[in-house]
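Beneath this line is the structure, given in structure tokens, with notes to follow.
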Amino acid sequence: MTDPGEVAVIGAAGHMGLAFSLVLANAGYLVHGVDVDEETAGRIMSGEVPYHEEGAQPVLERALATASLRMGNDLSVVSRTKFIAVLIGTSPDESLTPRMDALHDLADDLAPHLAPGHVLMLRSTLVPGTTDNIAGRLAKSTSLEVGRDLHLACLPERSVQGRAICEMPTLPSIIGAYTREDFDVVSRFCRTYSSGACLQVTPLEAEFAKLMTNAARYVQFALSNEFALISAPYDVNINRIMEAANTDYPRLDLPTPGLNVGGPCLYKDSLTLADGIPWNTLTGAALGVNESMPTRAVRRLGEYPDVKKVAVLGMTFKAGSDDTRNSLGPNLRDRLRKAGYGVVCVEPNLEGYDDLRDIAGSDAVVLMTPHDEFGDWTVVRAHVRNARCVYVDFWGRWEQIRYRTRGGFWQDGVE
Ligand SMILES: NC(=O)c1ccc[n+]([C@@H]2O[C@H](COP(=O)([O-])OP(=O)(O)OC[C@H]3O[C@@H](n4cnc5c(N)ncnc54)[C@H](O)[C@@H]3O)[C@@H](O)[C@H]2O)c1
């Protein structure tokens, strides 16, 4: 069991679990992937990368050719490995309450397989206090003393989906450890695959550091959206305003506003951080601003009485991704339908929705996700073939109309 060349990754068929497994296989480990999703695990073992992840295909092929990646659904495999990394999903439930039940259950299921010397690293994004809870559960259900027999750490995953394999080998590791020895063991492990610094904090601090990282970005995007909304009724162009304010000014770096600020990390982690705080939080206000963007777009479209058919470009939560989790694309589609519009959706990364020709005859086109495939407005316009079409681009991506839009809207044929 003490073979340092073997590692178990629990949640290995998921977006981040697969990326981490591949990075570890690439670093020379024999990786035992464990996942309840046997179908996706099977696709991975047959050589298919199931998600958009830059650089994953050759690494997977190499891992399979050298038999350094295995997949299964049997937790007892951890008895072969010293290191165990947990990267299972931590989505909130239907009532938007963050839940850690799956992690608690996993800790209970893992307990009979744990032995002295094991290093258990929680890489999933956690509600503050989860590592303490798991330490308590393991103390009750095993004879192991955390910090002496069992090394337990919160080691939050902070790489970006889609570029995780590129980022993991260089990002710093925030290691939430109870003891110096735990930190030393985990940092030695991190140094085998990453050149980034190892930073010691407590488990609770590591949990907060991860949530705050994403909430900070989410609030920043909300601020840009709010600025766009505030200036929309005036005869101004938000792209010119932001460029003027940002240019060569060292204390400002406003991101562009955007209709689709969501996804499995920024939205979820902001929700988790703001959950249960008994005052009106900045993070909570950011959720209000970003989540209301589709409603605001539908309301503004109501000012154009001739608009009957609306094309929504992009269903995934960010450009270049095939992931629709917490994307506001489906939200906008449903709101438009409810408001009585005919709606056509185009998404280059989803089969059956990838034909731009479907937007012919649209009265309005909304750029929801700024995929490269939608990057050239003249191409989009050529497909629309409607000289009075309304174009909605909050992102300011369409160069040709970037400085002509008011509040993100521009109507063709009307100067
Ligand atoms: N997606 C991102 O951009 C990103 C970035 C950084 C951190 N994270 C965090 O990483 C974690 C995983 O996110 P993800 O996007 O990869 O989720 P995901 O849903 O893509 O993957 C989770 C995987 O865990 C598996 N799983 C669930 N319960 C299991 C169990 N009991 N035993 C074995 N396998 C189990 C699922 O089948 C799935 O394959 C989350 O906590 C998330 O917040 C995600």
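Once you reduce segment 226-297 and segment 124-187 to the center of their Cα atoms, the two points are 32 Å from each other. Here the Debye sum runs over all C-alpha atoms of the chain as equal scatterers in vacuum, and log10 of I(q)/I(0) at q = 0.07 Å⁻¹ comes out as -0.39. Under the rule a/c < 1.5 gives rounded, and otherwise a/b versus b/c splits prolate from oblate, where does segment 1-148 land using the Cα gyration tensor? Here segment 1-148 falls in the oblate category.
Amide H contacts of Tyr391: Val365, Trp410, Gln411, Asp412, each under 5 Å away and 5 or more positions distant or on a separate chain (H built 1.01 Å from N in the peptide plane; Pro and chain starts excluded). If I fit a long axis through the Cα atoms of helix 329-338 and take the longest principal axis of the Cα atoms of the chain, what angle between them do I get, 0 to 90°, rounded to 10? Helix 329-338 sits roughly 40 degrees off the main axis of the chain.
For the pair Met45 and Lys338, the difference between a 0.36 nm per residue extended length and the Cα-Cα distance amounts to 101.2 nm. For segment 236-411, the equivalent ellipsoid built from the Cα gyration tensor has semi-axes of 26, 20, 16 Å, listed from largest to smallest. Length gained on full extension, Tyr234 to Asp354: 39.6 nm, using 0.36 nm per residue less the C-alpha separation. Averaging the inverse of every distinct alpha carbon separation and then flipping it gives the Kirkwood radius. What is it for segment 62-210, in angstrom units? Result for segment 62-210, one decimal place: 16.0 Å. Label zone (Thr281, point 7 Å along Cα-to-C-beta; backbone nitrogen cut-off 15 Å) within segment 114-135: 126-130.
For the chain, a Gaussian network of Cα nodes joined below 10 Å ranks Ser91, Ser194, Ser143 by mean-square fluctuation, and the top entry is Ser143. Counting only alpha carbon atoms, the long axis of helix 180-191 and the longest principal axis of the chain meet at about 60°. For the chain, relative contact order (Cα pairs under 8 Å, six or more residues apart, normalised by length) works out to 11 percent. Full extension of the chain between Ile241 and Asp101 gives 45.8 nm of extra length, using 0.36 nm per residue less the Cα-Cα distance.
The residues neighbouring Ser187, those whose beta-carbon lies less than 14 Å from its own, together hold a net charge of 0 under the Lys/Arg +1, Asp/Glu -1 convention.
FYI, it's all coordinate maths here, none of it is from the lab. On a predicted model such as this, the values are computed, not experimentally measured, just so you know. So basically every Cβ, Gly included, is an ideal-geometry build from the backbone, and we count neighbours across all protein chains shown.
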